[in-house]
Every structure is written in structure tokens, then in C-alpha cells.
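The structure appears below as C-alpha cells.
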Amino acid sequence: MEIDSPDINNLLDPEIIELAKILEEKFQHADRVFAFNIPDHLADLFKRTFGTYVEKSTFKEWVQEHNLNLSPASPREENVGERFPQASPEAGIENKDTRVSPSAMGKNGEEISAMGKNGEEFYRWVIRAVERVIPLTRPYHHLAAAAMYLHKEPLTREELLRVTADLNKSLNLGYSPKTLQNAVSKVLADDSITQKIEGRGVTRYRLFEDVLDDITKALMEIVEEEKAKAELAAENAETIEGMAAKFFQFFKTYGADTGAPVYIEKLRELLTVKGGRSLAVDYVHVNAFIPDIAERLINRPDDVIRAAEMAVRNVLKEPEFGFTDDDLPEVHVRFFNLPRSIAPRKIGSDHLNKFVQVEGVVSRITEVKPFVHKAVYVCRACGNEMVRIQNPYSVYMKRPDKCDACGSRDIELNDELSTFIDYQTIRIQDAPEVLRGGQMPRFLDVVLLDDLVDSVQPGDRVIITGVLRRVEEKVEKRPVVRRVLIANHVQPLNRDLDEVELTREDVHRIREEAKKPYFKERLIRSIKHDLYGMEKVKEGILLSLVGGINERPDGAKMRDAIHVLMVGDPGKGKSALLEFLRKVAPRSVLASAEGVTKAGFTAAAVRDELTGEWVLEAGVMVLADKGFALLDEFEKMKEHDRAAIHRAMEQGTVEIHKAGINATLNARATVIAAANPVHGRWNLNEDIADQLKLPPTIISRFDLIFPVIDAPDPKEDEKLADSMLGLGREESSPAVEPYDEEFLKKFIAYVRRNVHPRLSKDALVILRDYYVTLRRLAKREGGFYKIPITPRQLEALIRLTAAHAKLHLREEATEEDARAAIDLLEYSLRQLLPPDQREELDVNVIMVGKPTKELVIEEEVINAIKALDDGEGAPKTGIISLLKEKGISEEKVKAVIEDLKERGEITTLKIVNDVEFYRWTPRR
């Protein structure tokens with residue numbers, strides 16, 4: 001009995017049969033099939049059976065081994081006869097839920113044109129894999145090697161040239177026949193990659209097996225990379241579109257329950273009134289409406305910002321706005337008001353690529369320059385256009401090394417096709433109040449783009465939101481990288497207000513304390529309370545802290561800053577007092593004049609590390625704008641640096657003309673300075689100009705000058721010792737106990753922010769009568785007027801009167817305030833005079849640096865020199881004798897002569913028998 005043998009196909013695993021049929025179909029169009037071309041459920045079986053790829057001959061042997069009976073595959077369509085069709089040979093690209101394969105394309109010619117882009121993409125992947133493995137010099141060399149790789153059978157030179165030309169045509173690369181011939185010759189001549197096979201008088205070539213394997217591995221890596229990119233792009237696209245839909249609803253509806261939608265109104269205002277390009281979005285609103293996106297903004301800011309701007313474009317296309325794709329305006333979405341602000345010193349590596357909010361002081365700005373946002377490069381050889389998007393956090397220009405089409409290196413940037421936006425960098429540093437002890441301020445560079453440029457000036461307090469990036473270097477030489485903040489929103493703080501937070505309880509306590517008796521005395525004692533005495537000095541400083549008013553009663557503008565200078569004996573606590581003020585004075589900057597140059601006082605022109613351009617870096621006076629410049633060792637300021645603060649102290653601005661930069665910066669700082677006398681201790685018999693060696697032009701700009709003298713006094717010495725040793729605490733009254741630093745700081749902030757008194761008529765009459773009375777006391781001595789007061793002191797009295805009214809929270813300065821201001825100014829002026837001259841005020845001590853009496857003696861000495869000079873000079877002995885007759889002592893005459901010699905107003909012509917002869921040389 002004859003038994004029929006069973007069908008082998010019924011005995012095999014169905015997956016083997018399915019794999020065999022798929023491979024049979026694919027080998028209708030290619031000589032080699034890769035694992036990534038196989039459906040996922042069969043991929044493991046394929047790899048176990050064949051490895052990463054299988055040749056057609058190997059597949060046939062496998063079919064015969066398993067005695068598989070496969071039905072014939074459909075023949076290829078005649079319209080796909082080229083060696084390299086415009087489709088993906090075994091690429092297996094996912095597109096619209098359809099698996100694109102050569103067999104599918106062969107059965108349906110329509111898919112070839114629809115999916116042709118995927119075929120080009122696959123061929124380019126093969127070329128990239130060849131580039132990774134084979135070190136050839138020209139891109140067209142890799143083209144020939146890729147064509148050889150795509151064929152299993154060895155090829156003759158003519159066959160390789162033909163298939164290389166087919167691949168060139170398929171990819172529209174445009175290489176000439178001569179170039180392709182050179183490519184084929186280059187590849188075939190390289191015996192490190194190409195194997196020569198001789199047979200029957202014909203020479204054929206193929207790639208070595210190890211080269212084929214390396215290219216296959218590289219191709220697998222590229223396919224996995226592209227697959228990951230595609231999946232991520234699809235995920236991002238879906239995520240961004242979903243976020244854009246939520247933002248669309250947010251913009252359309254937020255605030256609609258209480259009136260018109262907030263952001264619809266903002267867009268209308270932006271497009272009609274302001275004419276701007278930025279829509280500011282409050283983070284608090286986003287967090288309340290779409291909290292998941294608010295959280296994502298911090299960690300994935302680029303996607304969220306992109307989605308928000310996409311939503312804005314969709315809103316603008318709504319009928320109420322009526323824009324189309326052709327005339328759609330570009331609107332940036334800028335987020336602000338994050339829950340927490342970070343100081344520059346707190347920015348760390350964990351903030352990289354995150355959305356952060358930074359608060360600080362602008363210390364440096366650059367000029368605005370154009371930035372190539374979208375660079376379009378054009379190949380001069382073939383006209384191919386290549387787009388490169390530039391990063392604002394990169395220090396080099398991204399440009400193609402060669403043309404993507406023809407490989408030519410003759411490429412150039414096309415300005416007309418490229419897109420430019422405004423670009424500016426600034427530097428912000430820690431605000432002075434956040435620094436403790438001897439901490440140095442840290443800084444952070446910030447990039448401003450488009451409409452954010454020129455939104456701040458040096459010295460501004462700002463809150464900036466943005467994305468922290470790593471600076472991209474051309475060559476990464478070190479593992480330590482630089483960072484930069486790409487600004488999304490810039491908010492200059494209201495610089496007329498202090499950043500001290502005041503609660504209702506704080507305001508209530510301040511108002512209640514101001515009603516109590518001895519309130520002023522307690523405030524004075526609160527100024528460095530452990531420093532005994534110096535009540536008048538502390539009162540002057542307290543008035544300086546609260547400030548005056550910036551407008552005279554006649555409406556003319558004047559500075560409101562009350563400048564104070566302390567000068568005197570060491571050990572009296574001047575430096576300690578300045579250190580205390582740094583803690584309580586708003587926006588204070590403490591510096592030693594000894595180590596500060598003119599540029600350090602105003603602003604310096606320095607090179608920016610990020611751009612290499614000259615930029616302005618703010619100095620002490622600019623950083624302390626609307627605050628306090630606390631200057632120690634003031635007398636050690638160099639002569640050529642002194643002029644730097646003249647304008648700042650009076651006009652509140654500084655001018656910079658350096659390195660092609662011409663700018664005027666605000667420097668409305670109150671100066672509280674401390675200085676030491678030339679001889680170490682204060683000499684009661686010398687003028688202030690002789691003891692400070694500062695020009696009168698600077699001295700006269702201080703409203704109050706206090707000599708701090710360590711004069712022995714048994715009663716005061718006992719009180720000082722009791723205070724330092726804690727023996728007098730039981731006797732002190734609770735009514736005059738000092739306030740703590742926190743209360744003092746909040747009081748100063750409240751007063752500067754909310755109290756702006758005007759001078760009552762009674763106060764104005766007091767000041768007028770005082771000024772007129774003193775002016776009547778002026779008298780002429782020699783060629784000079786001895787003037788008790790000038791209009792500059794009258795302005796100082798206005799400021800001091802208003803400041804005294806502020807201490808008591810008065811909206812109108814009273815007669816009491818005017819008299820207190822007069823007493824303090826008189827005290828200051830009298831202390832500058834020798835004890836025997838304090839009965840009569842002499843403002844020349846401040847305005848000129850010498851009392852009128854000294855000026856008269858100086859005038860007499862000059863007149864004597866001119867009278868005795870017979871052409872050979874005036875003898876010193878003769879000058880002394882002549883002035884003795886007028887009651888001027890020899891010591892005084894010698895001192896004046898030395899002073900005139902030092903100032904260059906007289907010169908020594910000769911010395912005869914130890915007698916000097918002088919000539920007067922008038923200043924020009």
C-alpha cells in the first residue's frame with residue numbers, strides 16, 4: 001500500500017512558514033534582507049535563524065533544507081524596473097499605519113510615488129553607514145561604496161558605474177558622469193576595502209566580508225537611532241498639540257467668569273495699542289487652570305513655550321481677530337511670576353535646561369546687535385540652499401562644512417534669505433542685601449532676544465525668567481562648562497520702592513511707635529546701639545537714611561539724597577558704623593575708596609567673555625542707584641578719581657565715554673562716607689581742607705560733615721566705660737531702649753516708600769528768616785566776604801526739614817522740623833571751625849576749604865610777594881617782616897608760603913645765603 005508522504009508545510013511551525021513567505025516576497029526586489037525589515041513578531045526567529053541579515057543564496061539553501069514549497073511571488077511591475085527605484089528597498093518604514101516594503105510597492109505602483117521619500121531616506125542611511133566605516137575623502141566616494149554594498153554579487157567596473165549612476169539619479173544628487181567615474185576608481189583602487197575577483201578573463205569587485213559586516217552594524221545603529229528620533233518626534237508632536245489645545249482654552253476662557261477673558265484683552269491691547277510682540281502670561285494663572293502644564297514648564301520649557309505660541313497663533317486665526325497664515329503676526333509668549341526667585345549665587349548644575357526665575361542687579365550690558373536666528377547657506381557650485389538654526393547660547397556659528405548635494409565647500413551665508421533678530425547680553429549679580437559677611441557677589445550672564453533688548457540699564461533691579469543653558473563652545477577643552485540664561489521675560493522692579501516686605505502688622509506697629517514719646521531718641525539709639533555717644537552724628541545719618549524730598553517749594557527739582565561725611569580720630573567706630581548701615585540701609589553698597597578707581601565708582605568698559613565685545617560694567621555709584629554708597633577710607637581716593645563722583649553726588653548721573661561707548665547712567669545714590677585726617681588725628685587748629693586733602697568741590701557736596709573727635713571728658717568717659725562694660729544697663733530707661741535691626745530696616749523702607757511731606761508755611765518762614773538773618777551777618781575781610789550760609793546750605797535745610805518730618809510720619813513739615821534741621825546743620829558747620837572761631841558761622845570752610853580769616857592771610861602773603869618782587873623775586877625774610885607789621889605771625893606766614901608752593905601758586909626763583917626768593921605764578 002502506497003502511503004502519501006505528509007506535506008512538510010503542515011509539520012513546520014506556522015511562524016517559519018510566514019517568515020519564509022515574507023522573505024520569498026522580499027527577495028523579488030533585493031539580494032539581501034536585514035532583520036529590521038522583518039515584522040516585529042518574527043524578528044527574533046529571523047535573528048536566531050540567519051543573524052542580522054541573510055543573502056538570497058543562503059535563503060534558497062534554507063528553503064531546500066526544510067523542503068518548503070512556497071507559491072511563486074507576484075512579479076514586479078514593469079514600471080519599477082530601475083536598479084534603485086524611488087522607494088525604500090527593504091527599509092520597513094512606518095507611515096500612516098502601513099508597512100512600506102519593496103513587495104508592497106511592487107504590487108501597488110501608486111505607493112511608489114506616495115512613499116518615495118522613504119526610499120531616499122533609506123539610501124541615505126546606507127551612505128551614512130558607509131561614511132562611519134570607510135574613511136573616504138569625498139561624499140561621492142561613499143556613494144560608489146554604498147552602491148557596491150547594496151549588491152551581493154561581485155560587479156565589474158562598468159556594472160558598478162551603472163548602479164552608482166542609478167543611485168545618484170534616485171537621490172537627485174546631481175553628480176556628473178566624470179565625478180562618478182572618479183568615485184568608482186577611488187573605491188576599486190582601495191585594496192583595504194575592495195576584494196578583486198578574476199575569472200574567465202573578467203575582473204569583478206566586491207567589499208570584503210568584514211567591511212560588509214561593519215557597514216551592516218553601522219546601518220543597524222542608524223536605523224535604531226532614526227526610529228528613536230521618529231518615536232520621540234511623534235510623542236513630542238502629540239504632546240505639543242495636546243498642550244496647545246489646553247492653552248487655546250486657557251487663552252480663550254481664563255477670567256471670562258468675571259468679565260472679558262484676560263488674555264484675549266491682552267492680545268487686543270498688544271496688537272492695537274502697544275504694537276508689541278510679547279504676551280506676558282502669569283504663571284499663577286497657568287497653574288490654576290492647567291497645573292500639569294505649569295509643572296511641565298519647569299522641566300520641559302521648550303515644548304511648553306512652543307505649545308503656548310502655537311495656541312496664540314490659533315487664537316489669532318479665530319473670527320474675532322481674523323488673521324490668516326499669510327498675515328499672522330509673530331507673538332512671543334513670556335511667562336513670569338514663578339513661585340520662587342533664585343539669586344545668581346544659588347544657580348547650580350541642577351538648574352541646567354530648566355525654566356528658572358532669577359533676581360539680581362544688572363551690572364553689565366552690551367550694545368544691541370543683529371543675531372542670525374535662521375542662517376541660510378547657499379552653495380555657489382549648484383545653488384543648493386542649506387538651513388541652519390543658530391543657538392543664542394553658542395559662541396560659534398553653525399555652518400555646513402560642504403554642500404549637502406554636491407559636496408562642494410564653496411558655500412556662503414545669504415543675508416537676504418536668512419532671518420535676523422536683535423541680540424543683547426547683560427550680566428546680573430547678587431543684590432547687596434543677600435550677601436553676608438565677606439561674601440563676594442556671584443554673577444550670571446543673560447541673553448536678551450528680539451523685543452527684550454534695551455529693557456534694562458546697569459544698576460536696575462530685575463527679575464528674569466528663562467531657560468538656563470550650557471554655553472556651546474567650538475572645542476570643548478574642559479569638563480567644566482559655562483552657563484547662560486536665555487531670557488523669556490524681563491521684569492525691571494519699581495526702583496522707587498524698596499524690596500523690604502511689609503505686612504499689615506509691620507505697618508500698624510510703625511504707626512503706633514511713631515506716636516510714642518522719645519520715638520526719635522529711640523531711633524537714634526538704634527543706629528549701632530552698642531557704639532556709645534555720637535548722638536548728633538547718628539541723627540544726621542538717620543535723616544540721611546530716610547531721605548529728603550526731590551522738589552523745592554518753588555517747584556524746581558533738586559536731589560533728595562542727604563550726603564554725610566564723618567571725619568576724625570581713629571577708634572571712634574566710623575567703619576563699624578558703615579558696616580552696620582550696610583545691613584539696614586536699602587540697596588547699600590559698601591566699598592573702600594582706597595581700592596576703587598574712577599571706573600569702579602562709575603562704570604568700566606570691559607570685554608564680554610561671551611561675545612568678545614566691549615561692554616559697560618556698573619561701578620559702586622551705579623549699583624547703589626536709589627540706594628546708599630557707603631565709602632570707607634574716603635581720604636585715600638586718588639586725585640584723578642575724585643572727579644568721578646562730582647556729577648553723581650549732585651546730578652545723580654554718570655557719563656561714560658570709553659571704547660566707543662557713550663552712555664549716561666543713573667547714579668542716584670546717597671553717599672555716607674568716613675575719612676581719617678592726614679596726621680591720623682583731628683587737629684582742632686587746622687582747616688578741614690588741610691586735614692583731608694580733598695578738594696572743596698567734593699567737600700561742599702556733603703550736606704552734613706561731622707568731625708568725630710576723641711576728646712577726654714571725665715563724665716563722658718565714665719558713661720562710655722559703663723556702656724561697654726554693661727554697668728549702666730540697669731539705669732537706662734525702657735522708653736529709650738533701641739529698636740532691633742529688623743524694625744529699623746522696615747521703618748526706613750516704609751518711610752521712603754510712603755511718606756512724602758511738604759513744607760508748611762510756618763516751616764518755610766523759619767527757613768527763610770534764618771537764611772536772611774545769616775546773610776545779613778556777612779562781612780568783608782580783605783578781598784573776601786565772610787559768608788555764614790549760601791543757597792546750597794538752604795537746599796540742605798529743605799532736605800533735612802523734610803527728613804525730620806518723615807521720622808514722625810508727618811505729611812507736612814512743621815516749625816519743629818525746621819528748627820531741628822537748623823540746629824543739626826549749625827552743629828555740623830561749627831564743629832569744622834577752630835574752637836575760638838565757632839561763634840560766627842563761616843561757610844567758606846566747606847565751600848572753599850578754609851575759613852575767611854585764612855583766605856585773608858593768604859591774600860596778604862600774595863600781595864606782599866607781588867610788592868617785593870623787583871624782578872629777582874621776593875625774599876622770604878622781607879615777606880615775613882612786612883606781614884609782621886600787619887599782625888600776622890611768622891609761623892602763619894611760613895605755613896601759607898608752603899601751602900602756596902605746594903599748590904603751585906608761587907615758585908622759588910633762587911636761594912641766596914639760605915634765603916628763598918619767590919615769584920607769584922597766577923593759576924590759569
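The values are calculated or read from the model by the stated rules, or taken from the named source; none is laboratory data. Keep in mind the model is a prediction, meaning the values are calculated, not measured. Glycine gets a Cβ as well: all are built from the backbone with ideal geometry, and neighbour counts include every protein chain shown. Only protein heavy atoms, including side chains, enter the accessible area calculation; ligands, DNA and RNA are left aside. Shrake-Rupley method; radii C 1.70, N 1.55, O 1.52, S 1.80 Å.
Here are a few things to note about the model shown:
- The residues on offer are Glu309, Glu269, and the sole one that is of a type outside the set (Val, Ile, Thr) and open to solvent by 50 Å² or more (accessible area, probe 1.4 Å) is Glu269.
- Filtered residues of the stretch 541-568 (kept if among the small types (Gly, Ala, Ser), surrounded by 16 or more Cβ atoms within 10 Å (Cβ to Cβ) and over 21 Å from Ile645 (Cα atoms)): Gly568
- Positions within the stretch 440-459 being touching a residue at least 12 places away in the same chain (Cβ under 8 Å), open to solvent by 10 Å² or more (accessible area, probe 1.4 Å), over 19 Å from Gln390 (Cβ atoms) and not small (Gly, Ala, Ser), in sequence order: Pro441, Arg442, Phe443, Asp454, Gln457
- Criterion applied to Glu159, Glu153, Glu209, Glu198 was being within 21 Å of Pro139 (Cα to Cα) and at pLDDT below 90, and the one residue passing it is Glu159.
- For beta carbons closer than 9 Å, sequence separation of 6+ or different chains, a first residue in the stretch 217-239 that is closer than 11 Å to Ala129 by Cβ and a second that is modelled with pLDDT under 70 and surrounded by 15 or more Cβ atoms within 10 Å (Cβ to Cβ), the qualifying pairs are Leu219/Phe36; Met220/Phe36; Val223/Phe36; Val223/Ala91; Val223/Gly92.
- For Pro677: the one exception among (1) outside any strand (DSSP E or B); (2) surrounded by fewer than 20 Cβ atoms within 10 Å (Cβ to Cβ); (3) at pLDDT 75 or above: (2)
- Subset of the stretch 358-398 [β-branched (Val, Ile, Thr), surrounded by 15 or more Cβ atoms within 10 Å (Cβ to Cβ) and assigned to a loop (DSSP other than H, G, I, E, B)]: Thr366, Val395
- Scan the stretch 129-155 for residues that are outside any helix (DSSP H, G or I), β-branched (Val, Ile, Thr) and open to solvent by less than 20 Å² (accessible area, probe 1.4 Å) and the total you get is 1.
- Residues being surrounded by fewer than 15 Cβ atoms within 10 Å (Cβ to Cβ), in contact (Cβ under 8 Å) with a residue 40 or more places away in the chain and under 30 Å from the mean Cα position of the chain (by Cα) - total across the stretch 403-418: 1
- Yes/no for Val187 being buried (at least 19 other Cβ atoms within 10 Å of the Cβ), in contact (Cβ under 8 Å) with a residue 60 or more places away in the chain and part of a helix (DSSP H, G or I): no
- Identity of the residue in the stretch 38-57, in a helix (DSSP H, G or I) and in contact with a strand residue (DSSP E or B) (Cβ under 9 Å, 6 or more places away or on another chain), that ends up surrounded by the most Cβ atoms within 10 Å (Cβ to Cβ): Phe46
- Failed item, numbered, when Asp836 is tested on (1) of a type outside the set (A, V, I, L, M, F, W, C); (2) closer than 30 Å to Tyr750 by Cα; (3) at pLDDT below 85: (2)
- Given (1) out of contact with any Pro (no Cβ under 6 Å at 6 or more places or on another chain); (2) of a type outside the set (Asp, Glu); (3) modelled with pLDDT of 85 or more, index of the condition Val915 fails: (1)
- Residue check for Val315: surrounded by 16 or more Cβ atoms within 10 Å (Cβ to Cβ), part of a helix (DSSP H, G or I) and touching a Leu at 6+ places or on another chain (Cβ under 6 Å): no
- Leu297 falls short on exactly one of the conditions (1) farther than 30 Å from Ile661 by Cα; (2) open to solvent by 30 Å² or more (accessible area, probe 1.4 Å); (3) of a type in the set (A, V, I, L, M, F, W, C); (4) in contact (Cβ under 8 Å) with a residue 12 or more places away in the chain, and that condition is (2).
- Only one entry of Arg162, Arg204 meets the criterion of being in contact (Cβ under 8 Å) with a residue 12 or more places away in the chain, over 49 Å from the mean Cα position of the chain (by Cα) and not in a helix (DSSP H, G or I), and that entry is Arg204.
- Residue pairs meeting the criteria (Cβ under 9 Å; at least 6 apart or on separate chains; first more than 16 Å from Leu578 (Cβ to Cβ), in the stretch 519-535; second aliphatic (A, V, I, L, M) and not in a helix (DSSP H, G or I)): none
- Flag if Gln390 is polar (S, T, N, Q), modelled with pLDDT of 80 or more and within 30 Å of Tyr175 (Cα to Cα): yes
- In this entry, Gly571 is excluded by the filter for residues that are open to solvent by less than 40 Å² (accessible area, probe 1.4 Å) and either within 39 Å of the chain's Cα centre (by Cα) or not hydroxyl-bearing (Ser, Thr, Tyr) (or both).
- In this structure, Leu448 does not qualify as assigned to a loop (DSSP other than H, G, I, E, B) and of a type in the set (A, V, I, L, M, F, W, C).
- Filtered residue count, the stretch 839-884, keeping only those that are modelled with pLDDT of 80 or more, surrounded by fewer than 15 Cβ atoms within 10 Å (Cβ to Cβ) and acidic (Asp, Glu): 2
- A search for C-beta distances below 9 Å between a residue of the stretch 49-68 that is within 26 Å of Lys217 (Cα to Cα) and any residue that is basic (Lys, Arg) and in a helix (DSSP H, G or I), counting only pairs 6+ apart in sequence or on different chains, returns Thr52/Lys217.
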